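Have a look at the structure below before the remarks.
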Amino acid sequence: MNAANASGVHSILVVDDEVDACENLRDILSDLGYRVAIARSGAEAVEQVARCPYDIALLDLKMPGMDGVTVYRQIKRLRPETVAIVVSAFSGSELADRAVEEGAAQVVAKPVDVPQLLTTIEASLAQPLILVVDDDAEFCDNLWQILCKRGYRVALANSAEEARRQLATKSFNIVLIDLKLPDTKEGENIFRTVGEINPLARRILVTGFRDESVETIHRLVEQGVDAVCYKPIDVDNLLKTLGAR
Amino acid sequence: MDNERIYRRYRELQDYVGWSEDDASRVQKAWPLVKAHLPALIDDFYAEIKRHPEANKVFADEAQVERLKVSLRKWVEQLFQGPYNAEYAIHRWEVGRRHVEVGLDHIFAHAALARLRRGLARALQAEWPADEKGLNEALNSLNTLIDLDLAKIEDSYAAEYLDRLQKTERLAAIGQIAAGVAHEIRNPLNVVKTSAYFLINAKKASPERVAEHLARISRQVNHANDVITALSSFAKPPAVQLSSVSVSECLKGAIERYPPPQGIQIVSELPDVLPKVKADATQLGIVFGNLIRNACDAMPNGGNLTIKASSAGEWLEVDFMDTGVGIAPDHLAKITEPLFSTKARGMGLGLAITSAILSKISGKLNVTSELGRGSVFAVQLPVAEGNR
């Protein structure tokens, strides 16, 4: 089950300062049914991502102004669920290594082997899409790092409002909800919203309050909560829970 | 360095210090007196080296030290007995070479020889019959000879070291070129390959789309070819053909070849009458083209490129003034070095080619720049005879 945006079509942003390279990937990918946009510079790419989300960003590394790694860092800050695939004439370079460290899914060498690139794109889109709803920014960041390395695409929402916005634009496979957001009510509301908008998404509760919230948890489990994880999170346990279908 | 040259340089040194047959015979006469001391001196020589970790680290094992003792003995025997000919000089040369090979710091060659020199002098003083004048003369000759040896060792050390440095630099330059070429060639290849993929695999491709991709392939092949041309013309520049050249026409051609991108205005401030310059029209066109392109690259957010020309006496000056990002002071000295570039595109040959062409047509390039304000590239060209 792939997660797509509301329209069901996957979107790809092609970023390269060489116009012909952009146009070619656009022609190839739109012919295959993807929605493709082009950015001729890093700044343009960041602007476009701020305006609307893309499932995948194909990033050239060496560009005037902003290099591909810097572009990815900024994209990540805006929409951390975006998959970055680096396309570079220097696939073995230090910059390429840094992109991978930052969380880029793959480095593809120029000249691009298109069938290989298509396989990479499909594999990226097959990665489960998770929404983490938690107002603790550091916890979100840690979770992002852990899950990204395990082959998940991770979107973050630090408020109920933001979570609702994200749920309206994408269909998620899994939603992790912190029950105290900032009060239990909000968490419960999000839990219901997910059920309404994304009925197929698995809902996992995260909570730091074992005793006080026992009742609420019982209630929510009856209503369809998939699993409950207690803070501090046991990472192995969480990964097992996420992997179980 | 070939053997003949090694010996010739040795002869020069001998002449320089005034080495004579008398010196040679005085040293040779001393040999029977120091011979018996030699084993002790050699032992002392290596014992001292072993006390210094930096020097000692070049020895692999005891067996090697034993072998070296044998060659040191040979070296001292040759020192006292001569003959001080080509073979002698080449042997000294080889010693220095060997030091570089094993990684011995050359200060140890000096220190070790100084120790040996003192040991030999002590042995000579102990054995010398009561004739102080003769002793002093013998010591002088011996010292001169050892100094000559040391000079020879130094000479080979420097030559070998330089050789190695050049080899390293050559490899580094090849690496730099490879990286530049990789980027500049793989990008056009990437377009060619993806266009080919589209043409072969596209499910729905209109005739216009197909024509577009074919044009793209052709354009990118040209681009890749230009990269190779630039590289080979830098490596082997074409010969200059000097004639009287009109700067205005040359500039006009260059601007047509490199039209400024949107947002950049070229302001031409050329006097109506300008003397012709003595130059190669094609290559001066390359110079102007490179400077225009660079100025445009320096103004990614737009700006003005003012091109001004004036003449005074034998010289005509063309200034290219941009309102771009400027050049960092520590980059200014390097901009004409080949393969130096701060840009994402290009190999860093433009200004290297520019300055090579200018020096061949007796022109000059002066660059001043202010970060954030812009740069001025001033080209000075010799006015053609009969035009001054």
Practice problem: Calculate the tail of P(r) for chain A: the fraction of all Cα-Cα distances greater than 27 Å, expressed in %. | Solution: 36 percent
Exercise. Taking the Cβ of residue B:347 as the centre, find all other residues whose Cβ is under 15 Å away and add up their charges (Lys, Arg: +1; Asp, Glu: -1).
Key: +2
Self-check item: Cα pair distances of chain B binned at 20 Å [whole percent]
Solution: 20, 30, 24, 21, 4, 0
Quiz prompt | Around residue B:335: net Lys/Arg minus Asp/Glu count, Cβ-Cβ under 13 Å | solution = -1
Exercise. Among the trypsin sites (Lys or Arg not before Pro) in the stretch A:126-176, which ones are in a DSSP loop with at most 16 other Cβ atoms within 10 Å of the Cβ? Mind listing them?
Key: A:150
Practice problem: For the stretch A:111-245, state the average projected area of the convex hull of the C-alpha atoms over all orientations, rounded to one decimal in nm². | Solution: 9.1 nm²
Self-check item: For the stretch A:141-192, the fraction of alpha-carbon pairs in successive 5 Å shells from zero, as %
Solution: 4, 18, 28, 24, 18, 6, 1
Quiz prompt | 3J(HN,Hα) from dihedral phi, the stretch B:371-376, Karplus parametrisation 6.51/-1.76/1.60, rounded to Hz, x for glycine, proline | solution = 4, x, 10, x, 10, 10
Quiz item: Hey, which lysines would be in cross-link range of residue B:193, C-alpha to C-alpha under 21 Å, not counting anything within fewer than 8 residues on its own chain?
Solution: A:62, A:110, B:203, B:204
Quiz item: log10 I(q)/I(0), Debye, Cα-only the stretch B:19-111, no solvent, q = 0.20, 0.21, 0.24 Å⁻¹?
Solution: -1.11, -1.18, -1.34
Quiz item: Are there chymotrypsin sites (Phe, Trp or Tyr not before Pro) in the stretch B:88-151 that DSSP puts in a loop and that have at most 13 other Cβ atoms within 10 Å, and which ones?
Solution: none
Quiz item: Looking only at A:36, A:175, A:15, which one moves most when chain A is put into a Gaussian network model with springs between Cα atoms under 10 Å?
Solution: A:36
Quiz item: Can you work out ³J(HN,Hα) from phi for every residue in the stretch B:28-39, in order, using Karplus 6.51 cos²θ - 1.76 cosθ + 1.60 and θ = phi - 60°, giving whole Hz and x for Gly and Pro?
Solution: 5, 5, 6, 3, x, 6, 8, 3, 5, 7, 4, x
Practice problem: Using only Cα atoms, locate the centre of the stretch A:108-122 and the centre of the stretch B:157-212, then give the distance between them in Å, rounded to an integer. | Solution: 18 Å
Exercise. Arrange B:133, B:278 by Cβ neighbour counts within 10 Å, fewest through most, would you?
Key: B:133, B:278
Quiz item: What percentage of all Cα-Cα pairs in the stretch B:98-216 are separated by more than 18 Å?
Solution: 73 percent
Practice problem: Among A:27, A:67, A:226, determine the one that fluctuates most according to a GNM of chain A built with springs between C-alpha atoms less than 10 Å apart. | Solution: A:27
Quiz item: How would you classify the protein assembly as shown from its alpha-carbon gyration tensor, with a ≥ b ≥ c the square roots of the eigenvalues: rounded for a/c under 1.5, else prolate if a/b is greater than b/c, otherwise oblate?
Solution: oblate
Quiz item: For the stretch B:267-388, what is the per residue volume of the convex hull drawn over the alpha-carbon atoms, in cubic angstrom?
Solution: 102 Å³
Exercise. Could you please report the charge total around residue A:62, scoring K, R as +1 and D, E as -1 over all other residues with beta-carbon less than 13 angstrom from its beta-carbon?
Key: -2
Quiz item: residue B:167: which lysines have alpha carbons under 26 Å from its alpha carbon, excluding same-chain residues fewer than 8 sequence positions away?
Solution: B:57, B:152, B:236, B:334
Quiz item: Just how large is the dipole of the stretch B:37-78 about the Cα centre, in debye to the nearest 20, putting +1 at every Lys and Arg Cβ and -1 at every Asp and Glu Cβ?
Solution: 100 debye
Quiz item: lysines within cross-link reach of residue B:308: Cα-Cα under 20 Å, excluding same-chain residues under 8 positions apart?
Solution: B:252, B:276, B:278, B:364
Quiz prompt | Coil-residue trypsin sites (Lys or Arg not before Pro) of the stretch A:13-107, DSSP, other Cβ within 10 Å capped at 14 | solution = none
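Laboratory data are not the source of any read-out in this text; all were calculated from the coordinates shown. Keep in mind that what you see is a predicted model, and the values were worked out from it rather than measured. Note that each Cβ is placed from the backbone with ideal geometry, even for glycine, and that neighbours are counted across all protein chains shown.
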